[in-house]
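To start, the structure itself, in structure tokens.
The values are calculated or read from the model by the stated rules, or taken from the named source; none is laboratory data. As the structure is a prediction and not an experimental result, all values here were calculated from the model. All Cβ positions, glycine included, derive from the backbone under ideal geometry; neighbour counts span all protein chains shown.
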């Protein structure tokens, strides 16, 4: 199978699609997306790697157009873009391992959640200042901050519920916010959405740092190998190695594939 943003077709006439899903930072996110994609007719073989933010699946586009799947993922609050097929490195017993796709990433402070947290924080500070000046307005001044967070996360909660995940963390947070507003605790509601937004932001930052580390390790994988053919070492693409090939690893070289040492001694 060849994964890619452009369709390739298997014998069952299902296109193999591969996407980068921005904002998919945790198992909960992956579960929501997997459930949503799996509900589409003709979708199958769904594989998700939230560490790398990669979604791969097969889709019968005669039953469901890919644009419908992309739109559903966006409704859940994630960015989605097709990516090229991953590079592969031949491994033990002919297995193939994906080499991490390195994508340019925007600074965390330019993301949606950072902007949302900043706006809610400003509204809360403004509300606190107004409540000190006019105590009678204490119930109303925190309402804008609470409603802003409720609209943002409430839309995601409703989209997740329609896609088959009614008990998402966004749904629980939205219910808590609505309940706080209903009993007149608007300041508590504002604090709930603010802390939840900050928590989501920190989770994304932590996942981004871990992802950058994984991609840096993936970038160390050698792209070529010295394959011995007729007693001569010849440089070939590492992805072209097959079971039974004999590879020369010189002092200081990176090992290009899993294998068994047949001759020589060294330290790795």
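Data table
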read-out: Any hit, region 78-97, residues being on the phi < 0 side of the Ramachandran plot, in a loop (DSSP other than H, G, I, E, B) and at pLDDT 90 or above; value: yes
read-out: Hits in region 48-57 - residues which are surrounded by fewer than 22 Cβ atoms within 10 Å (Cβ to Cβ) and part of a strand (DSSP E or B); value: 48, 49, 54, 56
read-out: Region 58-79 - residue that is within 14 Å of residue 35 (Cβ to Cβ) and crowded, with 17+ Cβ neighbours inside 10 Å and, of those, nearest to the chain's Cα centre (by Cα); value: 78
read-out: Yes/no for residue 231 being farther than 30 Å from residue 25 by Cα and either at pLDDT below 90 or surrounded by 16 or more Cβ atoms within 10 Å (Cβ to Cβ) (or both); value: yes
read-out: Pair list, Cβ under 6 Å, 6 or more apart: region 210-237 residue closer than 30 Å to residue 23 by Cα, other residue assigned to a strand (DSSP E or B); value: 221/89
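Yes/no per residue for (1) surrounded by fewer than 13 Cβ atoms within 10 Å (Cβ to Cβ); (2) assigned to a helix (DSSP H, G or I); (3) modelled with pLDDT of 95 or more; (4) in contact with a strand residue (DSSP E or B) (Cβ under 6 Å, 6 or more places away or on another chain):
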{"residue": "122", "(1), (2), (3), (4)": "yes, yes, yes, no"}
{"residue": "130", "(1), (2), (3), (4)": "no, yes, yes, no"}
{"residue": "138", "(1), (2), (3), (4)": "no, yes, no, no"}
{"residue": "146", "(1), (2), (3), (4)": "no, yes, yes, no"}
